[in-house]
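The values are calculated or read from the model by the stated rules, or taken from the named source; none is laboratory data. Bear in mind the structure is a predicted one, so any value in this text is a computation, not a measurement. We place every Cβ from the backbone using ideal geometry, glycine too, and count neighbours over all the protein chains shown. Heads up: the accessible areas ignore ligands, DNA and RNA and are worked out on the full protein's heavy atoms, side chains in. Shrake-Rupley method; radii C 1.70, N 1.55, O 1.52, S 1.80 Å.
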Amino acid sequence: MIRHVARQDTRRTARDRIWHSVRILRRFTYADVATAADAGYDDVKTYLGTLRRVGVIRITGRAATGRRGPPKPPPPPPPRGRVRR
């Protein structure tokens, strides 16, 4: 007897990969997330800028280091919908 094993959908968008990286790294720079998420630097900067504006993440530490981090408690699932520019 052969059983079919359901696989997770492996097609993750850049936003999903960025969000997952943010959740894992906790404190990061744009470059850290771009590397971990295998996403473009500009895409990371735009998405994280949007998350910062709506209060999901915040800048911590010195501005020169560019470190960002989620507020406490950990953030909810990634926001869905269109990003305003």
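Do we find that Ala63 is of a type outside the set (Phe, Trp, Tyr), modelled with pLDDT of 90 or more and assigned to a loop (DSSP other than H, G, I, E, B) in this structure? Here the answer is no, as Ala63 does not meet what is asked. Which count do you get for residues in the stretch 25-60 that are at pLDDT below 85 and of a type in the set (Ser, Thr, Tyr)? Matching residues across the stretch 25-60 total 1. Scanning the stretch 31-42 for residues that are crowded, with 17+ Cβ neighbours inside 10 Å and assigned to a helix (DSSP H, G or I) gives Asp32, Val33, Ala34, Ala36, Ala37. Checked against the criteria, Pro74 does not count as at pLDDT below 85, buried (at least 16 other Cβ atoms within 10 Å of the Cβ) and in contact with a helix residue (DSSP H, G or I) (Cβ under 9 Å, 6 or more places away or on another chain). Remark: pairs (first residue in the stretch 34-54, farther than 14 Å from Arg17 by Cα; second residue open to solvent by less than 10 Å² (accessible area, probe 1.4 Å); Cβ separation under 7 Å; 6+ apart in sequence or on different chains) = Leu51/Ile57.
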